[in-house]
Each structure stands twice: as C-alpha cells, then as structure tokens.
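The values are calculated or read from the model by the stated rules, or taken from the named source; none is laboratory data. Everything numeric here is computed off the predicted structure, so don't read it as measured data. Please note: Cβ atoms are built from the backbone with ideal geometry, for glycine as well, and neighbour counts cover all protein chains shown.
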Amino acid sequence: MERCTIQAVVVVIAAVWLGAAQATVYQDCGSTADIHEFSLSYCEVPPCIVHRPSNYDVNITFTPTSAASELETIIIATISGVDFPWPGPEGCSQLENDVCPLQIGHKYKYSAFMPVLVEYPAISVVVQWKLKDENDVIHFCAMFPITIV
Ligand SMILES: *[C@@H]1O[C@H](CO)[C@@H](O)[C@H](O)[C@H]1NC(C)=O
C-alpha cells in the first residue's frame, strides 16, 4: 500500500517535471487570460534559435477572463526598436477541440505554427505573440527573443 503511494508520487513528479521541461520562459506583456502554459518547440529558455525554413509549434493553454466571439493572432517582430508584422495563423481555428466564442472560465488549448521563411534575414529579434479579440482585449501577450539562423 505504502509502496504504491510512493510510486504514484514518483509518477506525478515525473509528469510535472516533463511538462515543465517543455514550457518556454517568456515575458508577459499584458495577458488578460490566466495563462497555464506557453511553449515554443525546442526552446525552454530564450533566446530561441530558429532555423530557416521551418515551422515551430506554439502552444498556449489559457482560461479567458472575458468572453469573446472572435480571436485574432498578431505577431510582431521588433528589430532595433522598429516593429514589423510577422505573418501568422488565424485565431479561433487554432483552438484544439474547441471553437469560438470564448467562454469565461473554460480552459482552451491554442496550437499554431510560427512560420520561419527562407527569405527572412539571419538576425535576432524580439517577438510579441498576441491573441486579440473583436473588442481589442488582449487575452494573451508574450514577448520572447529569438535568433534566426
Ligand atoms: C503542441 O501541441 C501539439 C498538439 O497537441 C503537440 O503535438 C506538440 O508536440 C506541442 N508542441 C509543443 C512545443 O508543446
């Protein structure tokens, strides 16, 4: 009985540790939702090294604190203080096993790709990844530096 309990604890700790190992460290830039996890493939601690051409997964699990009928992904790359729009995916269609409208208190998983095109320059930029709704509420906003190679 006692051994089973100890094994269960070890499994739980391992699961938490593996989950945490996948998350990416980021700076929050004003998310209104409760953010449970943000992860960008192959990057735990930025600057994230991204190779051209590739697609990187961006997963966000969040619980909105306000309702919304539409969601838009906005990606901005800041290069030497100048903001450039980065073409990105849609919003509502990136919700895994869920659809808009967003409901308060419901946990969503957003799963998208960050496209890194071959024509992008090999430079370091700060990326802002935002999820904005039709009322200009920013449900999620993360800033993280990347180096394009
Ligand atoms: C993102 O989510 C997808 C689908 O659930 C999964 O296959 C992928 O491994 C995840 N990637 C990261 C970086 O968390």
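Given (1) in contact with a Ser or Thr (Cβ under 8 Å, 6 or more places away or on another chain); (2) loosely packed, with under 13 Cβ neighbours inside 10 Å; (3) of a type in the set (Val, Ile, Thr), where does Val58 come up short, assuming only one miss? Evaluating Val58 over (1) in contact with a Ser or Thr (Cβ under 8 Å, 6 or more places away or on another chain); (2) loosely packed, with under 13 Cβ neighbours inside 10 Å; (3) of a type in the set (Val, Ile, Thr) leaves (2) as the failure. Scan the range 16-34 for residues that are modelled with pLDDT of 95 or more and away from the ligand (no atom under 14 Å from the Cβ) and jot them down. Gln27, Asp28, Cys29, Gly30, Ser31, Thr32, Ala33, Asp34, listed by residue number. Only one of the listed residues (Thr32, Thr24, Thr61) is touching a residue at least 60 places away in the same chain (Cβ under 8 Å), among the β-branched types (Val, Ile, Thr) and farther than 25 Å from Tyr120 by Cβ. That residue is Thr32. Within the range 85-115, the set of residues being free of Cβ contacts under 8 Å to residues at least 12 places away in the same chain and farther than 17 Å from Asp133 by Cα comprises just one member, Pro85.
From the list Gly91, Gly105, which one is at pLDDT 95 or above, within 14 Å of Ala33 (Cβ to Cβ) and over 16 Å from the mean Cα position of the chain (by Cα)? Please lay out each step first, then the result.
On the way: Gly91 fails: over 16 Å from the mean Cα position of the chain (by Cα).
Only one candidate passes the filter, namely Gly105.
Taken as a whole, the structure leaves Lys130 outside the set of residues that are basic (Lys, Arg), surrounded by fewer than 19 Cβ atoms within 10 Å (Cβ to Cβ) and at pLDDT 95 or above.
Quick one: which residue in Ile49, Ile6, Ile75, Ile60 is at pLDDT below 95 and either among the β-branched types (Val, Ile, Thr) or more than 16 Å from the ligand (Cβ to nearest atom) (or both)? Can you show your working first?
Values: Ile49 fails: at pLDDT below 95; Ile75 fails: at pLDDT below 95; Ile60 fails: at pLDDT below 95.
Just a single option satisfies the conditions, and that option is Ile6.
Here Trp86 passes the criteria (1) modelled with pLDDT of 95 or more; (2) buried (at least 16 other Cβ atoms within 10 Å of the Cβ); (3) not charged (D, E, K, R) except the one numbered (1).
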